[in-house]
Structures are given as C-alpha cells and as structure tokens.
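Trainee: Just dropping this structure here.
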Amino acid sequence: MTSGNPAKALIAFTVPMVCGNLFQQLYNIVDSIIVGKFVGEDALAAVGASTAITMLFVMVANGTGIGCSIIISNLFGAQDIRRMKSAISTALWSILAVSAVMSLLGLGINQWIMHLIGTPKNIFDDAAAYMRIYFMGFVFLFLYNAFSAIFNALGDSKKPLLFLFFSSVLNIALDLLTVVHFGMGVRGVAWATLIAQASSAVLSFFFLLRKLRHMPCEPFARFDRALLKRMVIVAIPTVLQQSIVSVGMLLVQSVVNRFGSSFLAGYTAAIKLDSIAIVPMVAVGNAASTYVAQNLGAGRLDRIKHGYRICLAMAVGIALFIAVLMQLAGGTMIRWFLDKDSSARAIEVGTSYLRIVSGFYFVMGTMNVSCGILRGAADMKWFLAGSLVNLTVRVVLSYVLADVTSGYVIMWANPVGWGICLLIVVARYFQGGWKKKYLPSSEYAGAAGTA
C-alpha cells in the first residue's frame, strides 16, 4: 500500500477484511439464532448475558493483534524482513503466554463475574456454562486474531477471509449438530465455537509459516525485547481502547439486566445485529491503520491525507447503506432470533435499538477511520483519550437515566459517545501533532540477535 493508486490499494485490501470480520461475527450471530429458535427465549438471554464479557476478551485479543501489527506493518513497509520476522515471532510467543494465563484466570472467576453483572437467576447456570467453555478456548481466540493481524500487516487480507469462511461453515454445522441433534442447548453452541476457532487458528499458523518461508532473510531473533517493548507501547493503548468498548458494554449490561429476561432477549438480538453491522466500518478503520503504518515506514507521508479521505468515503457510504437496511428491515431481523412464543416486548426493544443506533452509523464509521489514522501513526495518547471519553459518556448516561427512561437511554448512549470521541480525534488529526509522534523503525528496533 506504499505505491500506486491509494484508492485501489485500500479497496482491494479492505474488502476481504470486511468479509473476514463478517464471518467472524457470524460465529456469535448463528449461535444466537439457533439457540433462540430451537431452545427458547431464556436460552437466548443466557447467551446474551455473557455477550458483554465475551466481547471484552474478543476485543482484548483483537487489540493485541492490531497493536503488534502496527510495528510489523512498519517494518514490512521499510522492507526490514529480518526484524519483521523477529517481531512476528516475539508477538506470537508473548500472546501465547498471556492468553494461557488469562484462560486460567477466566475459569477461576467465571461465576463471580456472572454474579457481578447481576445475571438473572433463571438463566444463570446456562450463562455460566457458556462462559466456562468459552474461557477454555482462549488460546485459540488470541492466536487466531494474532495470525489475522499479521496477515493484514503483510498486506494479505485474503487468507484470513478463507480461514474464516471455513470456520464459519464448520461452526454452523456444529451448532446444528450439538443443539438440534444432540440437544446440548447453550453448551452445544459454546463447544461449536471453540472447535471452529481452534480449527482456524491451526490453519492460519501453517499458512503463515509457508508465507514467511518465501521471504528470505538473515537469521533472526526468535524473541527480541526491544521489539517487544515497542509492540507493548503500541498494543497496550490499543488493547485498552478495544477493551473500553467492551467494558462499556459490560457496565451497560448490568443496567440491561435490571429490566428482566424479555428486555435482555430483545437487547441481545439487537446487539448481535449491531455487532455485525458495524464490522465493515471497523474494518475500514483497521485498514487505515495498516495503510498509515506502512506508508510511514516507507517514508510516504504524502499519501496519508489522500488515504484518509478515501477511507472516510468508504466508511460513510457503507454506514448509510446499512442504516437504510436496518430502518426498513430491523424488526424482521430481530424476529430471526426469537421463536413464535417470544414476547412482543423483546421484539419491540430490539427493533427500537436498531432503528435508533443505525441512524448514527455514519458517525461511528467516521470515528473509526479517524482513530485508525492516529493508531497507525502510534499517536496513542489522543487515540486512547477519545476512547475513554466515549466510554465515560455511554456509561454515565446509561446509569443516570436508565430508570427514568425504562432502559431506553441505552439506545441513545452509544451515538452520543461516538460523536464526542469523533470531535476529539478529528481535532487531533487536523492539528497535526500525530505526525510528530511517529517513531521510525530504526529508532525502536534494537540490534536483533540470532537464533
């Protein structure tokens, strides 16, 4: 992405990434549809009660991968293959260790977390079982996200799409087998997701090895502390930003739980659709990060302004299309998740959420692209500041006004948070300070040893 027409490069890179991320979200959305249709409203609510927690860890995994990929993109753009391979090896060993520790921690505090967010008693056991199995697959979740981020950093967004297509089909088949045929309910969809993620991680690993073998270089360090330090500097704010989104969801989830399982079921269905609807805008933001990092590594600062405009146009165009779809067919899509005996309240809550939030997707898309520019330039303080303000606004509004609005303030809190975050990051972009934050690869990569 450091030469040629920026529009062609960004579109060719982003389209497979969007499709890949959509397939990843398909895991959760298929789980919910099958559970809601074949088990019932309470089972859907049980999956929904754990959504905020699972999304927190998905975002941590995603943020870790993105943070590492910024450094890998920069080294790839500079054609420093030896240190790039060292960065990849260092990132994978570190992520493997961290994910194993987090898996054990999650298994230990599983039920405590479910109590903490006020999970309704009638769905508590199923929700806790779903989370327990989910924690068991942490290593695969983290490694798969790392592999995808590395492929993207190398400018190859097609491989992750192929792996996700395979795992999505496998996930659907296993969902139907475990839930419909074996009657395993919520536990069945949890096992199906774990097996599908593990399959994707293993496939990604072997294809990445093959790709790297075609990039000859001098012997490189399998673990480089200097590179790890730099990746941590970029990854931690990215993880925090990604986590902030999910922490906000987790805190809001405890508010949602106050209003009973019907409200929770409708909210869960809407969140599942919302999560898949925003995927293209998030992908465009991630593409912007890779584009900026590679061009800064290649010393092509002149290409960034053009790339920013292209990404904004892509994000806004996608947002408007999805918003129209949600406005026209939101109610129908909510019914996909619920059986014929589900309450009218669940359908009404889900439909209202989609109609309100989708009207502001263009704000969310613009925010993601602008954040992606700052993240790609490693301007992490301003990037993180916007995310913190976003979280604070959403949580405060939800807690203060939930009771007086019967929970409906939750549907307006997201757009307000997006808008304020957007103002912060756009102001920083035009102020130009992010250009000075960038650190050339030669300054952060220490002399790599050999192994």
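Conditions (1) under 30 Å from residue 295 (Cα atoms); (2) at pLDDT below 85, marked per residue:
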residue: 402; (1), (2): no, yes
residue: 416; (1), (2): no, no
residue: 424; (1), (2): yes, no
residue: 435; (1), (2): yes, yes
residue: 439; (1), (2): yes, yes
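Trainee: OK, next. Do we find that residue 324 is closer than 30 Å to residue 256 by Cα and open to solvent by less than 20 Å² (accessible area, probe 1.4 Å) in this structure?
Mentor: For residue 324, the condition - closer than 30 Å to residue 256 by Cα and open to solvent by less than 20 Å² (accessible area, probe 1.4 Å) - is not met.
Trainee: Right, another one. Checking the structure you have, find out if any residue of segment 356-371 is in contact (Cβ under 8 Å) with a residue 24 or more places away in the chain, of a type in the set (Ser, Thr, Tyr), open to solvent by 10 Å² or more (accessible area, probe 1.4 Å) and more than 22 Å from residue 275 (Cβ to Cβ).
Mentor: The answer is no; no qualifying residue exists.
Trainee: Residues in segment 133-142: is at least one more than 30 Å from residue 40 (Cβ to Cβ) and either in a helix (DSSP H, G or I) or open to solvent by 30 Å² or more (accessible area, probe 1.4 Å) (or both)?
Mentor: Checked segment 133-142: at least one residue is more than 30 Å from residue 40 (Cβ to Cβ) and either in a helix (DSSP H, G or I) or open to solvent by 30 Å² or more (accessible area, probe 1.4 Å) (or both).
Trainee: Among residues belonging to segment 205-229 that are touching a Ser or Thr at 6+ places or on another chain (Cβ under 9 Å), open to solvent by 40 Å² or more (accessible area, probe 1.4 Å) and in a helix (DSSP H, G or I), point out the one that is nearest to residue 70 (Cα to Cα).
Mentor: Applying the filter and picking the extreme gives 228.
Trainee: Would you please list the contacts, defined by Cβ atoms under 9 Å and residues six or more apart or on different chains, that run from a residue in segment 100-112 that is in a helix (DSSP H, G or I) to a residue that is open to solvent by 40 Å² or more (accessible area, probe 1.4 Å) and of a type in the set (D, E, K, R)?
Mentor: Close Cβ pairs satisfying both conditions: 106/132; 107/132; 110/132; 111/132.
Trainee: Then there's this: For segment 174-201, name all the residues that are free of Cβ contacts under 8 Å to residues at least 12 places away in the same chain and assigned to a helix (DSSP H, G or I).
Mentor: 181 - this is the single residue of segment 174-201 that is free of Cβ contacts under 8 Å to residues at least 12 places away in the same chain and assigned to a helix (DSSP H, G or I).
Trainee: On to the next question. Inside segment 299-321, can you point out the residues that are surrounded by 15 or more Cβ atoms within 10 Å (Cβ to Cβ) and not in a helix (DSSP H, G or I)?
Mentor: Residue satisfying the conditions is 300 alone.
Trainee: A further question follows. If you go through segment 102-114 one residue at a time, do you hit one that is hydroxyl-bearing (Ser, Thr, Tyr) and buried (at least 21 other Cβ atoms within 10 Å of the Cβ)?
Mentor: Filtering segment 102-114 for residues hydroxyl-bearing (Ser, Thr, Tyr) gives 103.
Next cut, buried (at least 21 other Cβ atoms within 10 Å of the Cβ) only: none.
Taking every residue of segment 102-114 in turn, none turns out to be hydroxyl-bearing (Ser, Thr, Tyr) and buried (at least 21 other Cβ atoms within 10 Å of the Cβ).
The values are calculated or read from the model by the stated rules, or taken from the named source; none is laboratory data. As the structure is a prediction and not an experimental result, all values here were calculated from the model. In this analysis, Cβ positions are derived from the backbone assuming ideal geometry, glycine residues included, and neighbour counts consider all displayed protein chains. SASA here: full protein model, heavy atoms, side chains in, ligands and nucleic acids out. Shrake-Rupley method; radii C 1.70, N 1.55, O 1.52, S 1.80 Å.
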